[in-house]
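Peer 1: Just dropping this structure here.
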Amino acid sequence: MVRPVWVLGPLVLLFTFLTWQAAVENPLRRADERLAGTIRGSRLPAGAADFLADLGNLTVAVPILLAVVAHVSCRARRADLPRWWVPPLAALSAMVAVPLLVVPLKEAIGRTGPPGMAGDGYYPSGHTATAAVAYGAAVLLLLPWLRSRYRRRELAIGCLMLVAAVSFGLVRRGYHWPLDVAGSWCLSLVLLQLMVLAVARYGRGSA
């Protein structure tokens, strides 16, 4: 099994590469813009795409994470688990880190939006990062409480599909370029890996 700490380096490098590609004119960015046009021309109705994109809103994703945090915290306290507060705190810290990282990156990169979108600051996608970290952290909190490996697998797959759907909806409606959401995937995976490492290091009664 690959340890989370070994995954962090490649993820950071990939995010750095995507950020560089989003910041300057290059063949990958031109391909990204062509792909965006193809996705915008897909048959998914605009209303459905808007619904999927809205699942990445703070007002939708964060309350779901908070509900899972409350549920898991109550169960862990009733079970008298040592350092029960570490996983919820790690999950909330990952969520707080999203705007702390995304907002400065948007200002620094200053990528303009797709046709019809005003201004700049579209890379990385805040909605994608919000969805990936909120739903991903919620899944990571719930997994230890599921006895069936099939349920754990289904929950993880469902989370991946949900984040992918949010990302597709954002590009389909012309709110973001594909590279914007890809960068947020990498950034979110880094934050979730750090959450896993924090729980492994400081939770479960670690010294």
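The values are calculated or read from the model by the stated rules, or taken from the named source; none is laboratory data. All values derive from a computational prediction rather than experimental measurement. Cβ placement follows ideal geometry from the backbone for every residue including glycine, while neighbour counts extend to all protein chains displayed. Accessible surface areas use protein heavy atoms only, side chains included; no ligands, DNA or RNA. Shrake-Rupley method; radii C 1.70, N 1.55, O 1.52, S 1.80 Å.
Peer 1: Cα atoms only, region 1-89: Rg and Dmax in Å?
Peer 2: 20.3, 56
Peer 1: Treat each spin label as a single point 7 Å out from the Cα along the C-beta direction, and report the residue 70 to residue 117 distance in nm.
Peer 2: So the two model labels end up 3.3 nm from each other.
Peer 1: Between residue 152 and residue 24, how many nm apart are label points set 7 Å from Cα along the C-beta direction?
Peer 2: 4.4
Peer 1: Here's something else I'd like to know. Cα convex hull of the chain: how many Å³ per residue? Don't jump to the answer; show the numbers that get you there.
Peer 2: Working: hull volume 26.9 nm³, N = 207.
For the chain, the hull spanned by Cα atoms encloses 130 Å³ per residue.
Peer 1: Still on this structure, I have one more. Using the beta-carbon distance between residue 160 and residue 107 and R0 = 30 Å, what value does 1/(1 + (r/R0)^6) give for FRET efficiency, to the nearest 0.05?
Peer 2: Values: r = 30 Å, r/R0 = 0.99.
The formula returns an efficiency of 0.50 here.
Peer 1: To the nearest 20 debye, what is the magnitude of the charge dipole of region 41-144 about its Cα centre, counting +1 on the Cβ of each Lys and Arg and -1 on the Cβ of each Asp and Glu?
Peer 2: In debye, rounded to 20, region 41-144 gives about 360.
Peer 1: Measure off, as a whole percent, the carbon and sulfur share of the 1.4 Å-probe accessible area of region 105-173, all protein chains present. Could the numbers behind the result be given before it?
Peer 2: Numbers: 2010 of 3410 Å².
Carbon and sulfur atoms account for 59 percent of the accessible area of region 105-173.
Peer 1: Largest first, how would 54, 80 line up by accessible area (1.4 Å probe)?
Peer 2: Working: 54 75, 80 125 Å².
Heavy-atom accessible area, descending, gives 80, 54.
Peer 1: Using mean Cβ contacts within 10 Å as the protection proxy, how do 123-134, 84-95, 166-177, 25-36 order, highest first?
Peer 2: Highest mean packing first, the order is 123-134, 166-177, 84-95, 25-36.
Peer 1: Could you calculate, for region 44-129, the ratio of the Cα radius of gyration to the Kirkwood radius, expressed as Rg to Rh?
Peer 2: Details: Rg = 17.3 Å, Rh = 15.4 Å.
Rg/Rh: 1.13.
Peer 1: Using the Kirkwood radius built from alpha carbon pairs, what does the Stokes-Einstein equation give as D for region 99-193 at 10 °C and 1.306 mPa s, in µm² per second?
Peer 2: On the way: Rh = 14.0 Å.
It diffuses with D of about 113 µm²/s by this estimate.
Peer 1: Between residue 62 and residue 197, what is the FRET efficiency for a Förster distance of 25 Å, r being their Cβ-Cβ separation, to the nearest 0.05?
Peer 2: Details: r = 23 Å, r/R0 = 0.90.
That pair, residue 62 with residue 197, gives E of 0.65.
Peer 1: Using heavy-atom solvent-accessible surface (probe 1.4 Å) with all chains present, what is the largest-first order of 111, 149?
Peer 2: Working: 111 5, 149 155 Å².
Most to least solvent-accessible, the answer reads 149, 111.
Peer 1: Under 1.5 on a/c is rounded, so check that first for region 141-207, then, if it is not, pick prolate when a/b is larger than b/c and oblate when it is not; a ≥ b ≥ c are the square roots of the alpha carbon gyration tensor eigenvalues.
Peer 2: Numbers: a/c = 4.77, a/b = 1.67, b/c = 2.85.
Oblate shape, in that a/c is at least 1.5 and b/c is the bigger or equal ratio.
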